[in-house]
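Step one of this worksheet: look at the structure below.
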Amino acid sequence: MMLVSKHFFRLFPFALLSALIGCGSDSSTSAGEESSSSESSSSVEPSSSYSNRLDVAYADSLTNDTLKITQGDSLRTSYKLFLGEYSKGTLIRIIGKKSGGHADSLFVREEQGTILIPESYTLDENGDTTYSTQNLYTVLGTDEYTVTNFVTTEESGFYYVDIPQVSLDKDSTYTIRIAAEMYPGYFSYTGDSSTVDLSLGDTIHGVFLLGESAKKAIIHFTAETGKSINVNVTGKSLVSIDLQKEDATIATGTSSIDEQILPKASCDYSVQITPQSFPNYQTGPYAYFTIITTSRNLEQGEYFANPDSIQKVGDTLTIVRERNDAAKYYLYQEQYVWLADLAQGDSILIYHDIEGYYTGASYPATYTVLNAEGDSVANITATSPEFIAPEKGAYYLHYVRLNSPPKTESQELTLKAVIQRLNYVTKFSFYDEEKEKELQSKSASIGDTLYFESLTLRAEPSDVSNYALWYTPCADLNFIQSSYTEGSCESYGTEQLLSATNIAITSDASHAGEIIRLIAQSKADPRARDTLIVYINE
């Protein structure tokens, strides 16, 4: 009789199968010799909820433990091993090998008669894959363990492994070692329909039986503004993968696409998967695909309906975005900023910059001015920052930069925006808060330091910043402790922009009685300026 023994052997999916199917570990383990154990014959009679199950005599159940079949005193012309009851889309992986004897074929069947199409393959010395061209059975290897995939196609059924003609002689070396791994319902799409609905955040594993399944799978989903959606699709034995918005193609590929979607309005999208037409030794009988979608809520400034906003003309709007792997700032940066409500003909200067990621000619950005409807009305650049409103309304800056690598491991992105409005500031002056009047002059002693932050500036109208750039005439540099000189200043102009936040009065007592003219220029409007006279005392 045929003797059977089972010894525990945990099977890890082989590296190639993991690449093709996308489940399990990438590790691979060869089956070693089993530890000592008693051999025994067994018989299985699976429970059933089916009233019309066929009367199949099972020798044993096949699991992920290794089952060892050896030659005994009598012959068994076939050997049936029960796998279990599984729904459509279950991945069944059979691992086995034999030595001696004549049995070389293995079937996976459903009790009502369906024979599953196997996907078995061999690897040559170069690692190239050759798939079996057999349609109904797989071959048990004699040197190495063979790995074969099957996919269930019935809504529900009882499946078993059938090894016909297990031995035709009494070869004492005859042994089959076999095990199974089952992944119930792994494939949610099995090629029996042409359309599938996808909810954002879902993952879909799909399979086509080449030549028999639908010619195309169209996976539909809807995305709304305020969302960032990443769509990653990988596949095998496919003609094309197409990501579409309405009827327009966003991305296409043959084996993979990885795309980020930022809807400007609620839109319908689809991923269209087209498999190859027929199986061959290069592809095997199945085509596979996996769609992984992730979704996150966009933060303020990341979409037009919820922009960042510049509160005062001349203020620098600074937005810090912490590292966000889902946002992929190294691939795509975007910001919407409300600039101002303008009248027709109003002129503004728009400046935008970033920190933390690379800029420059290799990583160009686009700056578009949008109207209240989100339509583009103008483009600006760093060298051409002026925008003139074509009509009355609200205006926004839309910033986009692609493929800019991070400068640091923190991957923190800092966005800065500022606007100026020419001839907008009606009053900009130094102010004495104690006396509640404009300040025109101030005294300082030899060697004193005058800090700009101690000086108060008043600006009108109310939506104007009181921040300033600080200048002094070239000639007055002689009375300041500074690296700037009158000569270097006059080589390019009449005034020196001061980069520090203070001025140190000369320590040369001979300069007592001189004056320093300190000029504040509005950051909101470069044409708005005021001058403070600083008298140098002993």
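Derivation of every value follows stated rules applied to the coordinates shown; laboratory data play no part. Nothing here was measured: the structure is a model prediction, and the numbers come from that model. So basically every Cβ, Gly included, is an ideal-geometry build from the backbone, and we count neighbours across all protein chains shown.
Observations
- Sites I533 and Y358, calculated FRET efficiency, Cβ-Cβ separation with R0 56 Å, nearest 0.05: 0.80
- For the chain: rounded, prolate or oblate by the Cα gyration tensor [a/c cutoff 1.5]: prolate
- When peptides 370-378, 179-187 are sorted by average Cβ neighbour count within 10 Å, with the highest value leading, the order is 179-187, 370-378.
- Label point 7 Å beyond Cα of N306 along Cβ direction - residues of the stretch 265-300 with amide nitrogen under 15 Å: 265-266, 295-300
- Using only alpha carbons, the stretch 364-411 has a radius of gyration to Kirkwood radius ratio (Rg to Rh) of 1.12.
- Unit charges at the beta carbon, dipole of the chain: most positive-side option, A361, A326, L518: A326
- The distance between label points at A475 and D258 comes to 6.5 nm (points 7 Å beyond Cα on the Cα→Cβ vector).
- Cα-based radius of gyration of the stretch 396-538 once divided by 2.2 N^0.38 Å, which approximates compact folds: 1.30
- According to the calculation over all Cα-Cα pairs in the stretch 194-287, the P(r) per 10 Å bin from zero is 16, 49, 26, 8, 1 %.
- Length gained on full extension, L422 to I115, computed as 0.36 nm times the residue gap minus the Cα-Cα distance: 102.5 nm.
- With the simple spin-label model, which puts each label point 7 Å out from Cα in the Cβ direction, the E322 to T381 separation comes to 3.8 nm.
- Given their separation in residues at 0.36 nm each and the Cα-Cα distance between them, I446 and Q344 gain 31.5 nm when the chain is fully extended.
- Contour minus Cα-Cα distance for K407 and E373 (0.36 nm per residue): 8.7 nm
- At R0 = 51 Å, FRET efficiency that the Cβ-Cβ distance of S240 and S172 yields, to 0.05: 0.40
- Restraint check, K68/K88; K264/K416; K264/K392; K215/K236; K312/K427, Cα-Cα greater than 21 Å: K68/K88; K264/K416; K264/K392
- Mean shadow area of the stretch 116-230 over all directions, Cα convex hull, nm²: 11.2
- Mean residue ellipticity (222 nm) of the chain, computed from DSSP H runs ≥ 4 via -39,500 (n - 2.57), nearest 500: -500 deg cm²/dmol
- Label-point separation in nm, S194 to T494, each point 7 Å along Cα→Cβ: 7.8
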